[in-house]
Every structure is written in structure tokens, then in C-alpha cells.
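K.L.:
Please see the structure below; I have some questions.
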Amino acid sequence: MSDTEKPKGYEPEKIEARWYDAWLENGYFKPEVNPGGKPFSIVIPPPNVTGSLHMGHALNATLQDILARWKRMSGYKVLWVPGTDHAGIATQNVVERELAKEKLDRHQLGREKFIERVWQWRAEYGGRIIYQLKKMGASCDWSRERFTLDEGLNEAVRTVFVRLYEEGLIYRSGRLINWCPRCRTALSDLEVEHEEEQGLLTLINYPFSDRSGHITVATTRPETMLGDTAVAVNPADERYKDAIGKTIALPLTCRAIPVIADPEVDMEFGTGAVKVTPAHDFNDEAMAKRQTPPLESIKVIGADGKMTPEAGAKYAGMDRYEARKAVVEDLRKLGLLVEEKKHVHAIGHCYRCKTVIEPLSTPQWYVKIAPLAQEAMKAVREERIRIIPDSWNASFFAWMENIKDWCISRQIWWGHRIPVWYCEGCGKIIVAMEAPKTCPDCGLVDPVQDDDVLDTWFSSALWPFSTLGWPGKNVKAEDLLEFYPTSVLVTAFDILFFWVARMMMMGLKFMGGVPFRDVYIHALIRDEEGQKMSKSKGNVIDPLIMIDKYGTDAFRFTLTAFAAQGRDIRFSEERVKGYRFFINKLWNATRFIQMNTSDGLVDINAGSAGLPSRWITSRFAAASRQVEQSLSEYRFNDAANAVYHFLWHEFCDWYIEMAKVGLQNENEAPGVKACLLKTLEGVLRLLHPFMPFVTEELWQGLPNGVRQGARHGESIMTACFPSGLHTDEQAEKEMGIVMDAVLGVRNIRGELNISPAAKIRIFITGASAGVVSVLQSYIDYIKKLAGASEVIFQAEDLKDKGAVSLRTGFTVCVPLEGLIDVKGELARLEKELKNISGDLEFVSRKLMNEDFVGKAPQKVVEKEKAKLEDLQAKKNGLLENIGRLKNLEAENG
RNA sequence: GGGCGGAUAGCUCAGUUGGGAGAGCACAGCCCUUACAAGGCUGGGGUCGCAGGUUCGAACCCUGUUCCGCCUACCA
């Protein structure tokens with residue numbers, strides 16, 4: 001597009017669409033674009049196939065893309081592996097809901113048909129989130145896209161399972177697990193969400209069998225009393241000393257249960273006597289095991305959350321909550337109910353469907369986790385893995401140190417089938433990569449495979465190496481050699497334990513080395529009130545709507561500028577608007593430069609660079625260093641702010657304004673044009689990782705020969721990232737003097753409301769020869785930026801009546817020939833005097849303090865001394881001028 | 001119960017080895033100065049939650065405390 005056609009405003013929808021496909025077609029997302037570079041790799045946290053892009057994904061993808069693009073531009077061989085997660089329970093739930101609409105359930109359909117349905121569903125809707133990631137500009141290598149249920153990943157899963165089993169790190173147990181009666185599956189500890197709820201503590205009298213009275217127990221779950229097999233008291237509890245060993249006639253049943261002693265019983269809580277239901281409570285189960293002989297376990301609640309026949313004919317078939325009411329009512333009728341008091345306690349819920357969890361005894365597979373956790377902790381302790389920000393280390397270690405064995409079997413159909421077979425003849429358990437034809441022990445044919453599938457996180461734990469081809473028969477195993485370990489994992493803290501810790505364990509175990517060097521934990525995005533976004537609260541902001549309204553680049557930049565470490569993000573649409581304006585600024589700066597450089601040939605190496613050009617070049621160097629430094633420390637917001645400030649407040653506010661002067665000057669113009677183009681080209685490259693689309697669009701519009709950063713191909717994506725540039729202290733110092741003079745005049749204008757249209761004369765006094773020489777050289781710039789008709793240097797003694805501004809090393813005076821508002825100016829100067837006097841007093845008191853002068857570093861003392869001098873000079877100047885104005889006021893009566 | 005994080009301008013937030021506090025937005029004043037009014041210039045505004053301590057010097061380090069949020073935990 002030529003500059004004459006370039007619209008005045010930036011219109012994202014017109015330009016963002018066309019670049020992504022071009023990048024993709026040219027293979028720029030593949031590591032092969034930098035064949036000789038050092039590898040830099042990231043695996044994406046695979047979003048659920050069921051999902052659609054939310055704010056968390058958007059932030060996550062943006063940060064990864066910034067790193068990927070930055071490293072790619074810096075010459076690294078970058079691989080960003082994308083993919084999705086099969087999300088067992090969540091996906092199965094979705095498809096089951098679809099079936100329900102057809103008045104079907106999965107059992108009617110049968111396992112095979114049901115799985116087919118899920119794959120069908122996945123084919124239809126599973127691509128949505130991928131499309132959305134592309135819309136975000138994610139530079140993933142889509143040719144390497146993976147799915148956690150891929151053939152290759154399945155091979156990895158089976159391999160890991162078999163090896164862990166053979167090493168005794170996977171075992172089967174029938175102990176209590178967390179059971180979701182709605183999903184009808186076991187859950188790991190992590191998949192249970194605890195929430196404080198107002199409940200009831202029910203006190204019940206349990207009569208002794210010998211009719212010698214009763215013992216009162218307290219419970220939050222009265223219905224489980226039908227499965228009680230003991231009442232426990234603390235052996236040290238004087239109140240119940242005589243009760244130990246007695247027998248209780250368990251109400252509503254015809255069973256007798258003993259009173260036992262257990263040191264874990266809290267004497268302070270409730271009545272100090274606790275009913276023991278080993279089949280439905282984790283504590284009670286442990287207590288039952290401690291007894292000799294172990295207590296009996298009676299299951300009164302089934303997998304469906306309904307009472308079993310063992311609960312007694314009356315209650316069998318009742319829902320557990322219905323049974324609770326019935327039990328309490330029946331006890332009341334028997335006169336055994338003492339009271340029900342309000343009681344706040346934490347209740348576990350299924351993280352997928354929020355149903356209250358039921359501890360249930362069913363055979364499940366577990367990973368013996370402690371040995372694996374040890375290795376992961378060691379890796380973090382030895383800094384082979386860095387967690388950033390490191391405040392997460394504490395949480396990580398706290399969790400890892402108390403970690404319990406991981407229940408990995410799930411009673412659902414959608415997932416990796418457990419590679420275990422049972423011989424129906426001899427009961428032999430066969431764990432193998434492939435289905436065995438016969439039982440190795442008894443020779444019976446066709447052992448039956450375990451019905452269950454593995455926890456989704458089991459396959460996710462292998463993601464950093466399974467996606468790269470491990471164990472590698474028919475996949476690109478060379479990726480594994482080249483890109484493992486990955487460079488950094490970018491994720492939010494809510495899956496630190498679910499996923500990150502488990503990847504560490506599996507990576508260390510099976511690859512013999514860490515899966516990633518850095519873990520960058522980014523913020524969670526909340527709404528403007530600081531609430532977690534959730535569909536039920538209705539406060540969800542859809543990233544795609546933001547993109548439609550403001551463009552991907554503005555949206556990405558907002559997320560980046562918000563992404564300070566260690567803090568959650570309160571998202572605000574206003575900020576997105578602000579950053580759209582920023583892009584507009586860039587757009588128009590480019591427009592200006594193109595308008596001024598399109599007149600024939602521009603020699604990019606032309607001219608000797610004047611002070612403003614040397615200055616902006618130096619500032620660009622500083623900005624790019626800041627960006628690079630910040631990115632290397634994952635300080636994304638600092639990086640974004642550095643480039644924002646440079647582009648807007650240094651390049652646009654100062655340099656472009658000064659360039660307008662330089663362009664008028666025949667001698668300077670070629671150099672200024674070259675500098676404008678070079679700086680613009682550089683800042684586009686600096687900005688590209690943050691806002692890929694607009695930078696590509698504008699960069700492509702630059703004249704040939706300017707795009708010097710292009711490494712190969714013709715895209716900013718593969719151009720060099722600005723690096724290793726040097727600042728120019730001398731230029732910055734001199735420019736500082738010029739800017740100081742301009743700011744002085746502007747201050748006077750602003751404060752005295754002098755119209756910008758009014759051209760004024762400026763006097764400069766009290767300047768050293770050096771300062772005069774600098775100001776003299778750039779007099780045209782000062783005139784332009786300060787709106788002056790004339791700049792006059794005068795030795796001393798201002799006879800003109802005017803407004804003054806005391807600068808560092810000189811004074812600016814604007815004579816107003818009679819138009820001056822004496823009172824206004826007097827007020828202005830007195831305000832200034834007050835400020836300066838305050839500062840001066842503080843500094844001089846500091847310097848009079850012997851301790852300060854003696855103990856503070858020399859550098860700090862010197863700085864304070866210089867400050868004192870400057871303030872003193874300004875104060876004197878102010879006093880002098882205030883005196884003159886007062887005389888003037890008196891003369892005028 | 002344990003742990004972590006936050007409390008800084010009206011709002012949202014920066015503040016990286018402790019050297020008298022910054023940005024964006026909002027606000028006020030003056031300007032359509034031909035890149036941009038989605039803009040320019042100028043300005044007002046904070047006892048850095050509270051109380052102690054360390055230090056020549058504390059938003060920053062230490063102790064205590066209040067409020068808010070989160071994670072974690074088998075007190076029935």
C-alpha cells in the first residue's frame with residue numbers, strides 16, 4: 001500500500017487477517033527457518049479439546065508467542081509445539097449430555113460406539129481452540145501439532161505404565177478413594193475441591209448393650225452410622241475410661257459394635273467420642289487399620305450415591321441425603337437424637353461437576369509417588385529447574401513434601417485404556433504393551449482388559465517428551481534429541497501440581513533429565529472487581545470479542561503490559577482501548593515518515609547525524625537493551641512499557657518533532673530521513689514479538705534497502721531482533737540541555753496560558769560557555785519546539801519584565817512586554833520557591849548530618865551535593881525575580 | 001490449623017541489590033501547530049494499611065497488627 005492510500009487511522013481488521021496465512025505458508029513457524037541456531041523450545045500447555053479460548057489461554061499464548069518470536073528473531077532454532085488435551089472426564093461429560101438430548105446414555109450405545117461418538121465430536125468441535133490460537137497470532141509449528149490421545153502418545157503412556165509397574169511404582173489397591181457419584185469415577189486428591197460450608201453437627205446417643213447408659217457421638221454425616229463398626233475415644237480421656245471395651249447396640253441396626261481407644265481422637269471436639277465408619281471416611285479407615293484385629297468395614301453407600309442393602313431394608317435404595325434425613329428422623333423418634341447444631345466444615349466436591357465427593361472403597365491403580373517427588377524436589381533445589389517467580393518454590397515444596405500416592409485409574413471410557421489384563425482362569429494380572437493372547441501362567445486364552453482408563457493428567461505428564469517423539473518408533477525422534485529439555489514452560493499456577501510437578505517427575509524418570517529449564521508462572525486473569533471469571537458468575541470477557549473490537553495486537557499488548565510477576569490481573573477493557581491508541585500512534589508515525597521519505601531515493605546511510613539523530617539512536621539502544629533484559633527475566637510488563645515509552649514519548653514526542661526542523665534544512669534532511677527510517681525500522685522489529693500483525697504490515701511498507709534486519713525471507717518475523725546497540729552519553733547529555741530549555745519555556749506558556757499560536761521571544765541567561773554553545777547550535781529546534789520567534793543569549797541582568805524558569809545551569813526568560821499578569825507570575829514563582837525551598841532544606845539538612853556524610857557511599861553524597869548546588873542557584877534566581885516583580889507591582893501601584 | 005500473596009495518586013497498577021515515589025487512565029487549563037483530536041502542551045493530586053524496630057537514611061529489611069484474596073489440611 002502506498003502512503004497516499006494509507007488511512008489516517010489504524011484499522012486492525014483490514015491488516016491482521018492477511019499475515020497469519022502468509023507466515024504459515026512460508027513455514028516461518030518451523031524451527032527449520034533457523035537451521036543453524038541454538039534450539040529454543042516450548043510445549044504449549046494443551047488446552048482441553050472441549051474448551052474455547054478464554055482470557056487465561058489468551059495470556060498464556062501471548063507470553064509464549066512473545067518468547068518464541070523474540071528468540072526466533074534472535075537467531076534461535078525455535079520450536080513451539082502446539083496441541084490439545086483429551087480431557088477425559090470433561091469431554092465425556094459433554095458428549096454424554098449430547099446423548100441425553102437424544103434420550104440415550106453411553107451404556108445403551110456401548111463402549112465402542114460411544115468412543116466413536118466422542119472422536120466424531122472432537123473432529124467437529126475440537127479444532128475451535130486451535131483456530132482461536134491462530135487468531136491470537138501464535139507462531140506454533142502446526143505441522144507438529146499433537147493430541148494427548150494420539151497413537152504415539154498412547155505408546156508413551158503404555159510404555160510408562162508398564163515400566164512403572166515393573167519397577168513397583170504402580171500398584172493396585174482397594175482402599176478408600178474420592179468418588180464422584182455423578183461422574184461414577186474415582187478422582188485423585190487434587191481433583192477434589194474443598195469448600196467451607198455451613199452444615200450440621202449431629203449429636204446422637206449410642207446405648208450400651210448392657211443397658212448401663214449411653215455414649216454420645218458427634219457426626220456431620222448421620223447416614224453413615226448405619227455402617228459404623230466402632231465408637232472411638234481417646235485412651236487418655238478420663239470421661240470415657242470405663243467405656244472402653246464395652247459394647248454398643250448400634251441404633252437402627254441389629255449390630256453390636258465395640259468402644260475402642262485411639263490416640264488420634266480429639267478430646268476437645270464434639271463429645272470426645274467419635275463413631276467409626278471405615279467404609280466411608282478416610283480417618284476412620286486409618287483408625288480401623290490401626291486396631292488389632294482391624295475393624296470390619298461395612299459399605300452402606302454405593303457407587304451411585306445411594307444406600308446399599310447393607311444399610312438395611314428400610315434405607316436401601318435411598319439417596320445418601322434422603323437417607324440422612326430419614327436416619328435423623330428415626331433417631332429422633334427413638335429419643336436418641338440429642339441435638340443438631342450449626343457447624344462450618346469443608347466439603348469435597350468433584351472439580352468437574354461439583355457433586356459432593358463420597359469416600360468409597362473400590363479397586364484402583366496408584367502411582368507410588370514419593371520416590372518420583374524426591375527427584376523433582378532435588379532438581380528444583382539444585383536449580384536445574386527454576387520456578388519464576390521464585391515465590392512459588394515454597395508452595396511447590398510444601399506440596400511435594402506431603403504428596404500422597406496418585407490414584408490414576410478412572411471409571412470412564414474416554415481416555416488411555418489401562419494396559420492391564422486379567423486372566424479369567426487363574427486371576428493372573430498381566431501388564432503389557434500389547435494385548436496378550438493367552439495367560440502366561442495357565443494358558444487360558446483371551447485375558448480380559450481392565451475396563452478403566454488413566455487419569456488425563458497421566459498422559460499430560462509425558463507431554464514434553466511424548467510430543468517430541470518419545471518413545472519414538474515411527475515419529476521424528478530427532479526432535480527429542482534436539483529440543484529436549486524444553487527451554488521454558490509458561491503456565492498459570494492453578495496447574496502447578498496437577499501438571500507441572502508431574503511433568504518434572506516423569507521427565508526425570510524417563511528422560512533422565514528435567515523436562516524444562518524454567519517454569520514461568522503467570523497471573524490468573526480476574527475481572528475488574530478482582531473476581532475470578534466464571535460462566536456461572538457471568539463476568540467472563542471473551543477474548544475474541546476484544547480482538548474483534550480492538551484488534552489482536554492491542555489486545556496482546558494489553559495482556560503483556562498487565563503481566564507483572566506475582567500478581568493477578570484485573571482485566572479492564574479501558575486499557576485495551578488505550579493500547580489501540582498506541583498502535584494508532586505507531587501507524588501515524590509511520591505515515592508521517594513515509595510522507596517525508598517517498599520523494600525519490602533515500603540514502604539510508606546518508607548525511608552526518610545531527611544531535612537529535614544521535615540522541616534518538618542512543619535512546620533506541622537503551623530501549624532495546626531494556627526490552628531484551630526484561631524479556632530474559634520474564635518481566636513482560638517492563639519490556640512492554642519500555643518500548644511503549646520509547647516509541648511514544650521519545651521517538652514521537654521529541655524526535656519526530658525535531659525532525660520536522662531537520663527536514664527543512666537541505667544539509668540535514670538526508671541524514672534525518674535516514675535516521676527516521678532506521679529508527680522506525682528498528683522499533684518495528686523491537687515491537688514485533690508483542691504486536692506481530694501491525695509491525696509486519698508497516699515493515700513491509702518500508703522502502704527497499706531499509707529492511708536491513710531481514711535475515712532471510714521477506715518477513716519481519718525472521719528479521720534480527722535489535723541487540724548489542726550502544727548508547728551515546730555525550731548526545732544524551734547535550735540533548736538533555738536542549739530539552740531542558742524547551743521544557744522551561746513550555747512550563748511558562750502552560751502555566752501562564754499563553755496561546756501556542758503566540759510566537760514569543762526567549763532570553764537565556766546565566767549559562768556557561770559550554771551550555772550556550774550547545775543551545776546556540778540547536779537554536780532552530782528550540783524555536784520550533786518552544787514556539788519561539790527568537791532565542792537571545794544574554795550575559796546577565798534581565799532588564800525585560802518577563803516570566804522566568806530556572807533550569808539546571810541556566811535561566812529561561814520570556815518577556816511579555818506589558819502583557820504580563822504580574823500577580824499570576826508572582827504566584828507561579830512563589831509556588832516554585834516553596835517547592836525548591838523545601839527540597840533545599842531537606843538536602844542541606846542531610847548534608848549537615850555528619851553520619852550521612854561519613855557513612856553514606858561517596859557517590860550518594862556527591863549526588864546530594866550537586867543537587868544542593870543546583871537548588872541553591874535556582875532559589876537565588878527565584879528570589880531575585882520575585883523581588884523585581886514585587887517592585888514592579890509597587891510601581892504600578 | 002498451616003502457608004502464600006496483596007494493601008502505593010480518584011481508578012488499574014509499576015517500583016530488581018534501602019538513597020526524600022512513577023506510569024496509564026481519569027481530572028483541570030490552553031491548543032484542530034498539515035503524522036495522529038484515537039492528538040499536542042501544561043498542571044493539580046499520594047503522611048506508600050497501622051504500630052514498633054534496625055539504619056546516617058525504609059514503600060523496600062525485621063517484629064507485631066488490621067483488612068482482602070488465594071492455596072493447602074482427615075478435627076468427626
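K.L.:
What is the Rg over Rh value, at two decimals, for chain A, using alpha-carbon atoms and the Kirkwood definition of Rh?
P.N.:
On the way: Rg = 37.3 Å, Rh = 33.4 Å.
Ratio of gyration radius to Kirkwood radius: 1.11.
K.L.:
Here's another thing I want to ask about it. What distance in nm separates the simple spin-label points at A:ALA249 and A:ALA313, each placed 7 Å from Cα in the Cβ direction?
P.N.:
Calculated label separation equals 2.0 nm.
K.L.:
Separate question: Please tell me the relative contact order of chain A in percent, rounded to the nearest whole number, where contacts are Cα pairs under 8 Å and at least six residues apart.
P.N.:
On the way: 1520 pairs, mean separation 104.1, N = 893.
About 12 percent, as a whole number.
K.L.:
Where Rh is the Kirkwood radius over the Cα pairs of region A:730-842, the temperature 10 °C and the viscosity 1.306 mPa s, what D in µm²/s does Stokes-Einstein return? Let's see the in-between values first.
P.N.:
Numbers: Rh = 14.5 Å.
So the translational diffusion coefficient is about 110 µm²/s.
K.L.:
Using mean Cβ contacts within 10 Å as the protection proxy, how do A:146-155, A:755-764 order, highest first? Let's see the in-between values first.
P.N.:
On the way: A:146-155: 19.7, A:755-764: 15.1.
My ranking of the peptides, most packed first, is A:146-155, A:755-764.
K.L.:
Over region A:666-795, how many pairs of lysines fall under 20 Å by alpha carbon, counting only those 8 or more apart in sequence or from different chains? Could you put the intermediate results ahead of the total?
P.N.:
Numbers: A:LYS673/A:LYS784; A:LYS733/A:LYS783; A:LYS759/A:LYS783; A:LYS759/A:LYS784.
Close lysine pairs found across region A:666-795: 4.
K.L.:
Nothing charged except the Cβ atoms of Lys and Arg (+1) and of Asp and Glu (-1): what's the magnitude of the dipole of region A:62-105 about its Cα centre? Round to the nearest 20 debye.
P.N.:
Numbers: 7 positive and 6 negative charges, 94 e Å.
With Lys and Arg at +1 and Asp and Glu at -1, about 440 debye.
K.L.:
Starting from the Cα-Cα distance between A:VAL162 and A:SER837, subtract it from 0.36 nm times their residue separation and give me the gain in nm to one decimal.
P.N.:
Contour length minus the Cα-Cα distance gives 235.1 nm.
K.L.:
Given a Förster distance of 22 Å, report the FRET efficiency between A:ARG332 and A:THR216 from their Cβ-Cβ distance, rounded to the nearest 0.05. Don't jump to the answer; show the numbers that get you there.
P.N.:
Values: r = 15 Å, r/R0 = 0.66.
For R0 = 22 Å, the calculated efficiency reads 0.90.
K.L.:
Grab the beta carbon distance between A:VAL445 and A:LEU99, set R0 = 41 Å, and tell me the FRET efficiency rounded to 0.05. Write down the numbers at each step before the final one.
P.N.:
On the way: r = 34 Å, r/R0 = 0.83.
Calculated transfer efficiency: 0.75.
K.L.:
So, one more: Report the label-to-label distance for A:LYS113 and A:ALA757 in nanometres (one decimal), using points 7 Å from each Cα along the Cα→Cβ vector.
P.N.:
Placing both labels 7 Å along Cα→Cβ, they lie 8.4 nm apart.
K.L.:
Could you run the Karplus curve 6.51 cos²θ - 1.76 cosθ + 1.60 with θ = phi - 60° over region A:36-49 and give me ³J(HN,Hα) per residue in whole Hz, x for Gly and Pro?
P.N.:
For region A:36-49, the Karplus-derived couplings read x, x, 6, x, 9, 9, 9, 9, 6, x, x, x, 5, 4 Hz, x marking Gly and Pro.
K.L.:
On to the next question. Can you give the Rg and Dmax of region A:99-236 based on its C-alpha atoms, in angstrom?
P.N.:
When restricted to Cα atoms, region A:99-236 yields Rg and Dmax of 25.3, 78 Å.
K.L.:
Regarding region A:523-677, what's the average projected area of the Cα-atom convex hull, expressed in nm²? Numbers along the way, then the final one.
P.N.:
Numbers: hull surface 42.9 nm².
Spelled out: convex hull of the Cα atoms, projected over all directions, averaged, 10.7 nm².
K.L.:
Taking 26 Å as the cut-off for C-alpha to C-alpha distance, list the pairs among A:LYS378/A:LYS428; A:LYS6/A:LYS71; A:LYS6/A:LYS577 that go past it. Before the final figure, lay out the partial values.
P.N.:
On the way: A:LYS378/A:LYS428 37 Å; A:LYS6/A:LYS71 31 Å; A:LYS6/A:LYS577 21 Å.
As for pairs spanning more than 26 Å Cα to Cα, those are A:LYS378/A:LYS428; A:LYS6/A:LYS71.
K.L.:
Over region A:429-504, what is the mean sequence separation of C-alpha contacts under 8 Å (at least six apart), divided by residue count, expressed as relative contact order in percent? If you can, show how the numbers build up before the last one.
P.N.:
Values: 47 pairs, mean separation 18.3, N = 76.
Reported relative contact order: 24 percent.
K.L.:
Here's something else I'd like to know. Please say if region A:5-67 is rounded, prolate or oblate, where rounded means a/c under 1.5 for a ≥ b ≥ c the square roots of the C-alpha gyration tensor eigenvalues, and otherwise the choice is prolate for a/b larger than b/c and oblate otherwise? Mind showing how you got there, number by number?
P.N.:
Details: a/c = 2.21, a/b = 1.19, b/c = 1.86.
Since a/c reaches 1.5 but b/c is at least a/b, the shape of region A:5-67 is classed as oblate.
K.L.:
Using alpha-carbon positions, what is the distance between the centroids of region A:480-518 and region A:232-304, in Å?
P.N.:
Computed from Cα coordinates, the inter-centre distance equals 44 Å.
K.L.:
So for each of A:505-518, A:261-274 I average, over its residues, the number of other beta carbons within 10 Å; can you give me the resulting order with the highest mean first? Provide the component values of the computation, followed by the final result.
P.N.:
Working: A:505-518: 19.8, A:261-274: 16.3.
With the highest mean Cβ count within 10 Å placed first, the list reads A:505-518, A:261-274.
K.L.:
Right, next: I'd like to know which of A:ILE347, A:THR308, A:THR253 lies farthest towards the positive end of the charge dipole of region A:248-395, counting +1 on Cβ of Lys and Arg and -1 on Cβ of Asp and Glu.
P.N.:
A:THR308
K.L.:
With a cut-off of 8 Å between alpha carbons and a minimum separation of six or more residues, what is the relative contact order of region A:178-310 in percent? Mind dumping the intermediate values first?
P.N.:
Details: 234 pairs, mean separation 30.9, N = 133.
The value is 23 percent.
K.L.:
Going by the alpha-carbon gyration tensor, a ≥ b ≥ c the square roots of its eigenvalues, is region A:255-342 rounded (a/c under 1.5) or, if a/c is not under 1.5, prolate (a/b greater than b/c) versus oblate?
P.N.:
Here region A:255-342 falls in the oblate category.
K.L.:
Assign one of three labels to region A:381-528, namely rounded, prolate or oblate, based on the Cα gyration tensor with a ≥ b ≥ c the square roots of its eigenvalues; rounded applies when a/c is under 1.5, prolate when it is not and a/b is larger than b/c, and oblate otherwise.
P.N.:
On the way: a/c = 2.54, a/b = 1.86, b/c = 1.37.
It is prolate, given that a/c is not under 1.5 and a/b is the larger ratio.
K.L.:
D for region A:583-655, whole µm²/s, Stokes-Einstein with Kirkwood Rh over alpha-carbon pairs at 10 °C and 1.306 mPa s: what number?
P.N.:
In µm²/s, the coefficient rounds to 116.
K.L.:
Starting from one equal scatterer on each C-alpha and no solvent at all, send me the Debye-based log10 I(q)/I(0) for region A:334-415 at q = 0.15, 0.20, 0.23, 0.25 Å⁻¹, two decimals.
P.N.:
-0.87, -1.07, -1.14, -1.20
Here, each number is a calculation from the coordinates, and none is a lab measurement. It should be emphasised that the depicted structure is a prediction, and the values quoted were computed from it without experimental measurement. Please note: Cβ atoms are built from the backbone with ideal geometry, for glycine as well, and neighbour counts cover all protein chains shown.
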